[in-house]
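Notes for the one structure printed next.
The values are calculated or read from the model by the stated rules, or taken from the named source; none is laboratory data. If you're wondering where the values come from, they're calculated on a predicted model, not measured in any experiment. Note: accessible area is taken over every heavy atom of the protein model, side chains too, but ligands, DNA and RNA are not part of it. Shrake-Rupley method; radii C 1.70, N 1.55, O 1.52, S 1.80 Å.
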Amino acid sequence: MGAALFVTFSVLLAVFVFLALGALLEQTGPTRVGGYFGLAAAAGAWYTSASGVLSTTFGRVVLPTGPR
């Protein structure tokens, strides 16, 4: 799950950066972009979690998450 977690947390970093920029600049553009990145981070977290659960359940890799 190394690559999937790396991508998920990298996108989450972008979420925090854009949300902080939106708050500091008092503009809605960066905040909106941060929200979209947040949705992508949630999808990545869901995929990574589902991969771990399905791999444990079936005893094999069902959803690939990249090299460790």
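Report, in deg cm²/dmol and to the nearest 500, the calculated mean residue ellipticity at 222 nm for the chain, where each DSSP H run with n ≥ 4 adds -39500 (n - 2.57) and the sum is divided by the residue count.
On the way: 2 runs with 55 residues, N = 68.
Computed ellipticity for the chain at 222 nm equals -29000 deg cm²/dmol.
Taking the chain as a Gaussian network of alpha-carbon nodes connected by springs under 10 Å, the highest mean-square fluctuation of the residues F58, F18, F37 belongs to F58.
Surface composition of the chain: carbon plus sulfur atoms hold 74% of the accessible area, using a 1.4 angstrom probe and ignoring ligands, DNA and RNA. Heavy-atom accessible surface of Y47, to the nearest 10 Å², is about 80 Å², with a 1.4 Å probe and all protein chains retained.
Of T56, T48, T31, the residue with the greatest mean-square motion in the GNM of the chain, using alpha carbon springs below 10 Å, is T56.
Computed over protein heavy atoms with a 1.4 Å probe, the accessible surface of the chain works out to 71 Å² per residue.
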